[in-house]
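The values are calculated or read from the model by the stated rules, or taken from the named source; none is laboratory data. As the structure is a computational prediction, the values presented were derived from the model and not from experiment. Cβ: placed from backbone, ideal geometry, glycine included. Neighbour counts: every protein chain shown.
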Amino acid sequence: MAVGRWGVGFLGTGQMATALASAWRRTECLDLSRSWAWDIQAAAREQFAQRIGLPLAASNREVASRCELLLLAVKPGDVEAVLEEIRPVLRPEHLFVSIAAGVRLQTLQDGLGGHRRIVRVMPNTGCLVGCGASGISAAPEVTPREVEQVEGLFRAVGYVCRVPETLLDAVTGLSGSGPAFVALIVEALADGGVLSGLPRNLALELAAHTVLGTARLILEDGRHPAQIKDAVASPGGTTIAGLHVLEKAGVRGVLQQAVWMATCRAKELAEGGQNPSTAEGCFSKK
Ligand SMILES: NC(=O)C1=CN([C@@H]2O[C@H](COP(=O)(O)OP(=O)(O)OC[C@H]3O[C@@H](n4cnc5c(N)ncnc54)[C@H](O)[C@@H]3O)[C@@H](O)[C@H]2O)C=CC1
Ligand SMILES: O=C(O)[C@@H]1CCC=N1
């Protein structure tokens, strides 16, 4: 589907807004002449304006009065203040897109004085290079065509799936937080290469290309991860020796716990908990 060019109002211009705006600019989704931005931090908004090449408003309220599609990209704890600020200038035609982790449609609707044209999206940082993964969930008041348009905007920068809102915390725990988990794994694999005698830069390139190639085998060649594992591990060979160490250390369980813990944290944010509970407390909720 053609995405068209959008005038987007950026409420917050931190890392994620910058990743999305850069990618939309590159894919020509962003109408620079109709897009505006604001961030409470001068350095963040000036850097954004310079990098993306769009004008700065004087407040969130000005962004909202100038743009029809609003992208809320502040941390969950700052959402309430932004909603309060823009509420007086909100018009029925505004389409509000929030990427804030754990902030429910209901909370957004309440904060916007009953405005219901809201879409929640949980993207990830891969959007910056056109290889993001986003989960999307819209309020029933958003028309199917508008949901498709928002979906198109995120599809322009990667993979998109529609999910019921109840699953967005799990999307947050898996693909929203996932780039950090995968980055940690890549870094550790590269360390393993260095431990085994490879120069640092080469080890990092080999590790990153290995993750990329494995992802492409799964996504493009349709292979199940178990097939890839079994095909690589020859009897009595090198791979099974390494796999044995990973299985003994419980790496599968640890990764499952990491996703579960991140999902729990998204649920806590939804309940207004700004301080993380203990890991034990989180697991006992399951
Ligand atoms: N970083 C990531 O990989 C992802 C982040 N998210 C969500 O995106 C949102 C933004 O995250 P990041 O970009 O990482 O955070 P960030 O800290 O880089 O950016 C947030 C920006 O909001 C600004 N801000 C705070 N209060 C404001 C206000 N009242 N008005 C205008 N701007 C204000 C801050 O100055 C900051 O520049 C969060 O809600 C997060 O849950 C979602 C998916 C992935
Ligand atoms: O760590 C966070 O809170 C955000 C949400 C998803 C990725 N980063």
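Please state which one of Ser59, Ser98, Ser65, Ser35 is free of Cβ contacts under 8 Å to residues at least 40 places away in the same chain, of a type in the set (Ser, Thr, Tyr) and within 16 Å of ligand 2 (Cβ to nearest atom).
Ser98
Does Arg117 satisfy the criteria of being away from ligand 2 (no atom under 16 Å from the Cβ), basic (Lys, Arg), modelled with pLDDT of 95 or more and over 23 Å from the mean Cα position of the chain (by Cα)?
No; evaluated as a whole, the condition is false for this residue.
Of the residues Leu90, Leu95, Leu83, Leu71, which is aliphatic (A, V, I, L, M), more than 27 Å from Lys267 (Cβ to Cβ) and more than 9 Å from ligand 1 (Cβ to nearest atom)?
Just a single option satisfies the conditions, and that option is Leu90.
Yes/no per residue for (1) in a helix (DSSP H, G or I); (2) more than 9 Å from ligand 1 (Cβ to nearest atom); (3) surrounded by fewer than 24 Cβ atoms within 10 Å (Cβ to Cβ):
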position: Gly9; (1), (2), (3): no, yes, no
position: Thr18; (1), (2), (3): yes, no, yes
position: Trp24; (1), (2), (3): yes, yes, no
position: Ala44; (1), (2), (3): yes, no, yes
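Of all residues in segment 1-38, how many are of a type in the set (Gly, Ala, Ser) and at pLDDT below 90?
Residues that pass the stated criteria total 2.
Hey, which of the helices (runs of 4 or more DSSP H) in segment 127-195, taking only ones fully inside, have at least 3 residues that are of a type in the set (A, V, I, L, M, F, W, C) and surrounded by fewer than 19 Cβ atoms within 10 Å (Cβ to Cβ)?
Ranges flagged: 178-195.
Under 7 Å by Cβ, and 6 or more places apart or on different chains, what pairs join a residue from segment 123-150 that is on the phi > 0 side of the Ramachandran plot with one that is assigned to a strand (DSSP E or B)?
The qualifying pairs are Gly130/Gly158.
Just one of (1) part of a helix (DSSP H, G or I); (2) without any contact (Cβ under 8 Å) to a residue 40 or more places away in the chain trips up Ala262, so point out which.
Failed condition: (2).
State whether one or more residues within segment 47-58 are under 20 Å from the mean Cα position of the chain (by Cα), modelled with pLDDT of 95 or more, among the aromatic types (Phe, Trp, Tyr) and farther than 20 Å from Val121 by Cα.
yes
Within segment 26-46, track down each residue that is of a type outside the set (D, E, K, R) and either under 21 Å from the mean Cα position of the chain (by Cα) or closer than 26 Å to Arg116 by Cβ (or both).
Residues satisfying the conditions are Thr27, Cys29, Leu30, Ser35, Trp36, Ala37, Trp38, Ala44.
Test Ala64 against the criterion of being small (Gly, Ala, Ser), surrounded by 16 or more Cβ atoms within 10 Å (Cβ to Cβ), in the same structural domain as Gly135 (by TED's automatic domain parsing) and more than 7 Å from ligand 1 (Cβ to nearest atom), and give yes or no.
Judged against the criteria, Ala64 is a match.
Just to verify a result, which residue in segment 68-93, among those that are farther than 18 Å from Gly7 by Cβ and within 16 Å of ligand 2 (Cβ to nearest atom), is surrounded by the most Cβ atoms within 10 Å (Cβ to Cβ)?
Result: Val74.
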